[in-house]
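Rule-based calculations on the coordinates, nothing more; no lab input. Just so it is clear, the model here is predicted, and its values are computed rather than measured. Counting neighbours? That spans all protein chains shown, and the Cβs are built from the backbone with ideal geometry, glycine included.
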Amino acid sequence: MKKGIIVLISGPSGVGKGTILDRLIGNPALNLTFSISMTTRAKRDKEVHGQHYFFVTYEEFNENLARDNFLEHATFVGNSYGTPKDYVFNLLNSGKNVLIEIEVNGAKELISKVAPQDIISFYVMPPSVEELVKRLRHRGTEDEATIMRRAEKFKEEIKFKDQYNFTVINDDLETCIEEITTLITKRINEK
Ligand code: 5GP
């Protein structure tokens, strides 16, 4: 059986990643399964444990770290996040492509660990920082101080964009999804 590939997507929170990921997962031709990360962050209202994340305590997170259970891990705005290793490898070995949505430091670690032909990576950008702040305010899941921290974080993160295979700007959602879908399809067909 042909082994799957990793589809890595990063981008600031509020850029529209959630919708993009849902649409990619919902496209059967891409044969994608979402990698569920572990995090110490508090659950947001609409999130479901075991679907969006595994929400764990710092103790549980550190136990997993000590057992070398993460493919990569990072701290983001005061919380820990990690990609469970066995889960991802089992999916790849069963022929599934795995969608991994993580921040830039973890992405750097992941890219360095995986052979280039086994991964395709994207950095999704907003048209501007102002537009990002506007979208975060509209989403209403974070307070103003957190929104400002996340906007500042984006200004740092953008420096990492060259480590990805592709940078895509989410100005028009449909165009952005189409662009990413075309590039993934091309890569799958090449393998
Ligand atoms: P949020 O708290 O908004 O869900 O996620 C915050 C940031 O953490 C996002 O940039 C998201 O991509 C990243 N993230 C989510 N899961 C992981 C993970 O397993 N590893 C790393 N390195 N980052 C993650």
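Which order, highest average first, do 75-83, 39-47, 104-112 follow once you tally other Cβ atoms within 10 Å for each residue and take the mean per peptide?
104-112, 75-83, 39-47
Give the percent of DSSP beta bridges with both residues in the chain that are antiparallel, rounded to the nearest 5.
Antiparallel bridges: around 30 percent, rounded to the nearest 5.
Inverting the mean 1/r over all pairs of different Cα atoms, compute the Kirkwood radius of the stretch 13-167 and quote it in Å.
The answer is 16.6 Å.
Checking the table Lys17/Lys153; Lys43/Lys159; Lys134/Lys155; Lys43/Lys108 against a 20 Å threshold on Cα-Cα, which pairs fail? Working shown, then result.
Working: Lys17/Lys153 16 Å; Lys43/Lys159 29 Å; Lys134/Lys155 15 Å; Lys43/Lys108 26 Å.
Beyond 20 Å: Lys43/Lys159; Lys43/Lys108.
Helix-only estimate, please: 222 nm mean residue ellipticity of the chain, summing -39500 (n - 2.57) across DSSP H runs of length 4 or more and dividing by its residues, to the nearest 500. Please report the intermediate quantities before stating the final value.
Numbers: 7 runs with 80 residues, N = 191.
Rounded to the nearest 500, the figure is -13000 deg cm²/dmol.
Give me the base-10 log of I(q)/I(0) for the stretch 75-161 at each q in 0.17, 0.22, 0.26 Å⁻¹, Debye formula, one uniform scatterer per Cα, rounded to two decimals.
Log-scaled intensity ratios, in q order: -0.86, -1.15, -1.38.
Please list, ordered by chain and number, the residues whose modelled amide H lies under 5 Å from the amide H of Ile119; skip anything fewer than 5 residues away on the same chain.
It is Ile6, by chain and number.
In debye, nearest 20: dipole of the chain around its Cα centre with unit charges on the Cβ of K, R (+) and D, E (-)?
320
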